[in-house]
Amino acid sequence: MKPLATRNNPRANPRELTRAENAYRRIKAAIFDFVLLPGEGFTESDMAERLGMSRTPVREALFRLELEGYVQVAFRSGWSVSPFDFRKLEELYDLRIVLECSAVDRLCAAVPMPDLGLLKATWLVPEKDRLKTTTEVAALDEAFHSTLVSAAGNHEMARVHADVTDGIRIVRRLDFTQAPRITATYEEHAKILKAILARRADAAKLLLRTHIEASKAEVRKITIHKLHSARPAATQM
């Protein structure tokens with residue numbers, strides 16, 4: 001089996017991570033990046049070989065991922081990546097709409113309004129300055145929505161929203177495998193942001209809800225073929 005690449009994390013020094021934490025991050029990243037696909041099976045020995053470490057930290061990482069619902073274990077056949085729970089995904093999208101619309105209300109009512117300069121510098125740019133790389137735009141998309149919620153000032157709301165974001169990340173990234181979706185994201189985010197800056201809460205919420213519902217609708221269109229198409233040519237972890 002091919003080895004799993006070590007992903008650089010700017011917030012953590014790899015030397016400071018325990019082996020189990022390192023294994024956890026690399027396996028989770030492989031799931032999110034479609035290197036490991038839903039339903040794909042593997043053994044602890046296989047995974048240890050791919051990660052270049054012993055089975056003990058791999059086992060710890062897998063038990064942690066099992067608790068989070070990303071993998072599942074079978075007594076005789078080893079481990080596998082959990083299949084998509086479409087009902088749960090749709091419920092998470094519904095919760096996301098509630099949280100983000102509430103955040104919009106709080107932002108538009110705040111005096112003074114929190115600084116959204118970073119979002120303006122990212123999304124209110126000429127078309128020639130827009131990013132085109134799938135992974136970059138996917139990360140910026142997450143940052144746009146999480147920044148709106150964080151700026152609203154409710155820490156518990158931001159914490160729950162972060163959990164929701166983590167829960168839908170694997171399917172959300174499928175949105176950015178095609179260029180038209182990247183273009184639409186820039187245009188939709190710009191409209192939402194302009195409405196918020198103008199304190200037009202109802203308009204911003206309508207735009208936001210439509211934007212998120214479009215992503216939610218794509219969840220039911222996920223097929224094995226689409227997942228394999230999104231799988232990178234290099235499947236190292």
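The values are calculated or read from the model by the stated rules, or taken from the named source; none is laboratory data. In this text the structure is predicted, and so the values were computed from the model without any measurement. We place every Cβ from the backbone using ideal geometry, glycine too, and count neighbours over all the protein chains shown. Quick note on the areas: whole protein, heavy atoms, side chains included, nothing else; ligands and nucleic acids left out. Shrake-Rupley method; radii C 1.70, N 1.55, O 1.52, S 1.80 Å.
Take the Cα radius of gyration of the chain and divide it by 2.2 N^0.38 Å, N being the number of residues; the result is 1.10. The gain in end-to-end length when the PHE86 to LYS221 segment is fully stretched comes to 47.6 nm, 0.36 nm per residue minus the alpha carbon separation. Could you list, in their original order, any pairs among LYS194/LYS221; LYS88/LYS205; LYS120/LYS221; LYS128/LYS194; LYS88/LYS194 whose Cα atoms are separated by more than 29 Å? Violating the 29 Å limit, Cα to Cα: LYS194/LYS221; LYS120/LYS221; LYS88/LYS194. Taking the longest Cα principal axis of the chain as reference, the axis of helix 201-219 is set at about 30 degrees. Using the rule -39500 (n - 2.57) for each DSSP H run of four or more residues, divided by the residues of the chain, the 222 nm mean residue ellipticity is -20000 deg cm²/dmol. With the cut-off at under 16 Å, measuring from each backbone N in the stretch 123-157 to a point 7 Å along the Cα-to-Cβ line of SER102 picks out 146-157. Think of each Lys and Arg Cβ as +1 and each Asp and Glu Cβ as -1; about the Cα centre, that makes the dipole of the stretch 80-184 roughly 260 debye. Considering only alpha-carbon pairs that sit under 8 angstrom and 6 or more positions apart, the relative contact order computed for the stretch 115-203 is 38 percent. Using only alpha carbons, the stretch 15-92 has a radius of gyration to Kirkwood radius ratio (Rg to Rh) of 0.98.
Each label was represented as a point 7 Å from its Cα along the Cα-to-Cβ direction; for THR56 and ARG76 these points are 3.0 nm apart. Each of VAL35, TRP123, LEU193 was placed along the dipole of the chain (beta-carbon charges, centred on the mean Cα), and the one lying farthest toward the positive end is VAL35.
Taking label positions 7 Å along the Cα-Cβ direction at both MET113 and THR210, the computed distance is 1.9 nm, reported to one decimal.
Once you list every other residue whose beta carbon is under 14 Å from the beta carbon of VAL58, what net charge do they have if Lys and Arg are +1 and Asp and Glu are -1?
+2
Computed about its Cα centre, the charge dipole of the chain is approximately 360 debye, with only Lys, Arg, Asp and Glu carrying charge at their Cβ. Between the helical axis of 134-151 and the longest alpha-carbon principal axis of the chain there is an angle of about 60 degrees. Between helix 86-109 and the chain there is an angle of about 30 degrees, using the helix long axis and the longest principal axis of the Cα atoms.
Can you give the accessible area per residue of the stretch 66-124, in Å², using a 1.4 Å probe? All intermediate terms of the calculation are to be shown ahead of the outcome.
Details: 3380 Å² over 59 residues.
Here the per-residue accessible area is 57 Å².
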